[in-house]
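To start, the structure itself, in structure tokens.
The values are calculated or read from the model by the stated rules, or taken from the named source; none is laboratory data. What you are looking at is a predicted structure, and each value in this text was computed from that prediction instead of being measured. Note that each Cβ is placed from the backbone with ideal geometry, even for glycine, and that neighbours are counted across all protein chains shown. Just so you know, the surface numbers come from the protein's heavy atoms only, side chains and all, with ligands and any DNA or RNA stripped out. Shrake-Rupley method; radii C 1.70, N 1.55, O 1.52, S 1.80 Å.
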Amino acid sequence: MINTLDQIFVLLRHWLVSFLPAAWQPLVGVLLSVAAIVCLFPALFALTTVFERKGLARIQNRLGPNRVGPFGLLQPIADGIKSLTKEDIVPLSADAAVHFLAPVLLLVAVFMGFAVLPMGRNMVFVDMDAGLLFYFAMSASTELSVFMAGWSSRNKYSLLGAMRAVAQMISYEVPLLLSSVVVVMMTGSLSLTKIVAAQSGFTWGLPHWFIFTPWGCAGFVMYAIATTAETNRSPFDLPEGESELVAGYHTEYSGFKFALFFLGEYLAMFSISGLGTTLFLGGWSAPFSFLTWVPSWIWFFSKLMLSIFVFIWMRGTLPRLRQDQLMNFAWKFVLPLCLLNLMVVALWRFMGDGWLRWVICSAILIGAYATMGWGEMRRGKIGPRSYRYAE
Amino acid sequence: MLGEGILKGMAETAKNFFGSYFSAERLTTVEYPEQRIAPFEAARVFPFLVFDSKNPGDGADWQTGMRCVACQICEKECPPKCIFIEKSKDKKPDALGKPQFYPVKFDIDISVCMSCQICVEVCPFEAIKMDTEFELSTVDRFGGLLLDRQQLAKSNEYYHQIHPAEAAGVDARLVAEKVKADAKARSAADAAVAKAAAIAGEGA
Ligand code: SF4
Ligand code: SF4
């Protein structure tokens, strides 16, 4: 029974496909999985938009949307209808073809990323040997569509937003990759299913997730920083800073194309949180050994939603960075720590079991963090803003 | 240490988030159509024209009781020029009994009005005041937002209702003015009588 529940989607697919002639079965099976992904995540997106608005409202001691349907839960439907019925404006001097392609390409690239994420036991669309690599290739190509959007609009705000976006995404691509590489170094595999499998054990009822090791914890924190920047979420939302750039690279988009951009951004957030879950939080494995009977996909999606909640929480808390602070932070702080983390992982791997490696690795990482943070703060590179002229 | 401020901020927002579910005084939002707050004395939206009615409450004499004398000062002073007045050819007695012009047409385009209250400040006859009515949406954005004199006319009682203190002050001033005008009229009449008597005396 528990097993059936755990595998319910896999079995469902098998059962549906079994009605068809054998020659069709593989194709229809693939289509079914695609349809599941393409329906599920936009639905999740719709829910997230309401919860984000409600959560942000609560953080600011407001009520948030509460008019459409019970507790405002049907708000996304109203929003969807609104964006569908709005006029789709293409600026006269815009490059119409590229302008149209940008949101479509963004969505395609983002959806491709979901293909390699293991969302439950045996629930991965394509189990690639180099899944991680494929994922990063796909997530990096979203930068292209962002720049396409900014460039084709022929609008200074769009272009500025796109340039900021590209600069930011490329800068943070480096720490993103370097912070994930530690996992590959430990597991020796680029396959995401193998990475999940490597974290599936338990000691004293606690899981072997990588976040519970010194290097994994450091890696996770840096991964989280890099993903926030990579998905243009606050406090790294410079590419669409409303107060400076109208709406950044999608200034000239309206109606459904704008909705597609919006969707694309949230889906990117989901998929990158899913990857973070897979790399550091044990993917679909249960957090305690006595909870392993809960279906694996429930764990995956709860961890995903938890990460989304943290994203929203950060958005409600932190003000936007300045462009130079953003760059300094990426290249002078996160990157060196990522590189150091690589060394620490190597040390961890070759020191063998025992408590000594815990002490040494933690000491190195915390020491480096403290001294670097202290030094940078003292030099005023990062830390509280100082106003040279306004005081 | 680096990152301390971020954690502090996150703790603060988390406190807000959970606090808003438990403590009522955090959520100050008034859910508008269902709940309302009592209007403030100083609230102002768009201007209206005050009229004095003989028997309060019926509003039948909005035309005869209208205080406006069509002097057109407000029309000239209105910064966005949203008042349009057409002066009458004939005269009717005002509150003091003096024959005065009256507006045959008095339109305010509230889609243009910026609620600056300048018209109220400049009116020498206490004839135009600020309303507190704000639910003015209409499906006709041209005709529906152009209020004519009948739509603008509201009784003095209504004025007392929405701005009690201010209206009391205005009434006191008007009464004082009337007393003064009466006194002046009486002294003028007395003088005229005296003069007539003197002329009569001289002639005799
Ligand atoms: S409202 Fe006042 S200022 Fe305007 S025309 Fe009438 S009397 Fe004159
Ligand atoms: S409130 Fe200001 S803008 Fe409105 S009618 Fe009076 S003077 Fe004109």
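Things worth noting here:
- For B:Asp131, neighbours were defined as the other residues whose beta-carbon sits under 13 Å from its Cβ, and their charges (Lys and Arg +1, Asp and Glu -1) total 0.
- Modelled spin labels at B:Glu86 and A:Phe100, positioned 7 Å past Cα toward Cβ, are 5.4 nm from each other.
- Per-bin percent of Cα-Cα distances, the range A:2-160 [5 Å]: 2, 7, 11, 12, 14, 15, 16, 13, 7, 3, 1, 0
- Charge tally for B:Lys184 (other residues, Cβ to Cβ under 11 Å; Lys, Arg +1; Asp, Glu -1): 0.
- Loop-exposed chymotrypsin sites (Phe, Trp or Tyr not before Pro) per DSSP, neighbour cap 10 Cβ within 10 angstrom, longest uninterrupted part of chain B: B:41-141
- Across B:Ala185, B:Ala194, B:Ala43, mean-square fluctuation computed from a Gaussian network of chain B (C-alpha pairs under 10 Å connected) peaks at B:Ala194.
- Most fluctuating residue given options A:Asp95, A:Asp237, A:Asp324, as computed from a GNM of chain A linking Cα atoms under 10 Å: A:Asp324
- Our helix-only sum for chain B, with -39,500 (n - 2.57) per DSSP H run of n ≥ 4 divided by its residues, gives a mean residue ellipticity at 222 nm of -12500 deg cm²/dmol.
- Cα-Cα over 23 Å, subset of B:Lys91/B:Lys195; B:Lys92/B:Lys195; A:Lys82/A:Lys156; B:Lys91/B:Lys154: B:Lys91/B:Lys195; B:Lys92/B:Lys195; A:Lys82/A:Lys156
- Rounded to the nearest 20 debye, the dipole size of the range B:60-204 about its Cα centre is 580 debye, using +1 on the Cβ of Lys and Arg and -1 on the Cβ of Asp and Glu.
- Considering every alpha-carbon pair of the range B:47-162, the percent of pairs per 5 Å bin, from zero through the bin containing the longest distance, is 2, 12, 22, 25, 21, 12, 5, 1, 0.
- Sequence-distant aspartates and glutamates (8 or more away, or on other chains) whose Cα lies within less than 16 Å of B:Lys98: B:Asp52, B:Asp90, B:Glu126, B:Glu177, B:Asp182
- Backbone geometry of the range B:77-92 corresponds, through the Karplus equation with coefficients 6.51, -1.76 and 1.60 at θ = phi - 60°, to 3J(HN,Hα) couplings of 7, 4, x, x, 6, 10, 9, 10, 10, 10, 7, 7, 7, 8, 10, 9 Hz, x marking Gly and Pro.
- ³J(HN,Hα) computed for each position of the range A:269-277 - Karplus, 6.51 cos²θ - 1.76 cosθ + 1.60, integer Hz, glycine/proline x: 5, 4, 5, 6, 5, x, 5, x, 4
- Sites excluded, GluC sites (Glu not before Pro) in DSSP loops with at most 14 other C-beta within 10 Å, longest stretch of chain B: B:42-132
- Rg(Cα)/(2.2 N^0.38 Å) for the range A:169-237, N = residue count: 1.23
- Globularity index of the range A:111-166, i.e. its alpha-carbon radius of gyration over 2.2 N^0.38 Å: 1.53
- Inter-label distance, nm, simple model (7 Å from Cα along the C-beta direction), B:Phe134/B:Met1: 4.9 nm
- In this structure the amide hydrogen of B:Met130, modeled in the peptide plane, comes within under 5 Å of the amide hydrogens of B:Phe48, none closer than 5 places in sequence on its chain.
- Amide proton proximity set for B:Met66, modelled H, under 5 Å, gap of 5+: B:Asp52
- Residues in the range A:108-113 carry Karplus couplings, in order, of 4, 4, 5, 5, 4, x Hz; the curve used is 6.51 cos²θ - 1.76 cosθ + 1.60 with θ = phi - 60°, and Gly or Pro positions show x.
- Longest DSSP-loop-exposure-free segment, trypsin sites (Lys or Arg not before Pro), chain B, at most 13 other Cβ within 10 Å: B:142-204
- Highest-fluctuation residue, A:Leu304, A:Leu84, A:Leu117 considered, GNM on chain A with Cα pairs under 10 Å: A:Leu84
- Once the Cα atoms are used to define both axes, helix B:4-22 deviates from the longest principal axis of chain B by about 70 degrees.
- Each Lys or Arg adds one and each Asp or Glu takes one away; over the other residues whose Cβ falls under 14 Å from the Cβ of A:Ile360, this sums to +1.
- For a label point 7 Å along the Cα-to-beta-carbon line of B:His160, residues of the range B:39-61 with backbone N under 14 Å: B:51-59
- Where a label projected 7 Å from the Cα of B:Ala192 along Cα→Cβ would reach, residues of the range B:79-105 with amide N under 19 Å: B:92-100
- Cα centroid of the range A:292-315 to Cα centroid of the range A:30-102, whole Å: 20 Å
- Selection of chymotrypsin sites (Phe, Trp or Tyr not before Pro), the range A:296-390, meeting DSSP coil and at most 10 other Cβ within 10 Å: A:Tyr387, A:Tyr389
- The equivalent ellipsoid of the range B:163-204 has semi-axes of 40, 4, 4 Å, largest first, where each one is the square root of 5 times an eigenvalue of the Cα gyration tensor.
- Mean projection area, nm², convex hull over Cα of chain A: 23.4 nm²
- Computed as a quarter of the hull surface, the mean projected area of the alpha carbon convex hull for the range A:107-205 stands at 7.8 nm².
- Tail fraction, Cα-Cα pairs, chain B, threshold 24 Å, whole percent: 58 percent
- Between the alpha-carbon centres of the range B:62-88 and the range B:94-143 there is a gap of 7 Å.
- Share, in percent, of DSSP beta bridges within the protein assembly as shown that are antiparallel, nearest 5: 85 percent
- Per-residue surface analysis assigns A:Arg315 an accessible area of about 100 Å², computed on protein heavy atoms at 1.4 Å probe radius.
- With a 1.4 angstrom probe, the accessible area lost at the B-A interface totals about 1800 Å².
- Selected from B:Leu49, B:Thr64, B:Pro103, residue furthest toward positive end of dipole (the range B:49-104; charges at beta carbon): B:Pro103
- Per-residue ellipticity at 222 nm from helix content only, as computed over chain A with -39500 (n - 2.57) for each DSSP H run of at least four residues, stands at -22000 deg cm²/dmol.
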